[in-house]
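Novice: First the structure, then my questions, so here it is.
The values are calculated or read from the model by the stated rules, or taken from the named source; none is laboratory data. Predicted model only: the values in this text are computed from it and were never measured.
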Amino acid sequence: MSQTTAEGQAIPVTIEVEIIYADDELCLRIRDDGCGIDPAIVSAGGRPGHWGLAGMRERARSIGAVFRIWGAASAGTETEVRVPAAQAYVDVARSSWSEVRRSLAGRLRRRRRRSS
């Protein structure tokens, strides 16, 4: 007997998280063995009135990352975010935490100006 949420979606039994620290990017993948996501919903960018997928794509795009999601009915879902190294990594060894915070705050301000 499978577990389900209030909306009738299957609760996954297994969730895998993979983090890859590559020289050129940081990659985060999350996989589950739940009921999957309808490919039509993915290709449409989400469901009308729901902002989850659109929000994830927007956040990824705002930091220069790529967001992908795929799955199939009864086959689980996999999401992936790939962040360029220049955005993902800060050389903490040569920076104090205050410099790191200042750097991140500056990046956020620049992104906000670009999106305005």
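Novice: Can you name every one of the helices (runs of 4 or more DSSP H) wholly within the range 43-116 that holds 1 or more residues which are at pLDDT below 75?
Specialist: Fully inside the range 43-116 and qualifying: 52-62, 97-115.
Novice: Which members of the range 5-29 meet the condition of being at pLDDT 80 or above and among the β-branched types (Val, Ile, Thr)?
Specialist: Those that are at pLDDT 80 or above and among the β-branched types (Val, Ile, Thr): Val13, Thr14, Ile15, Val17, Ile19, Ile20.
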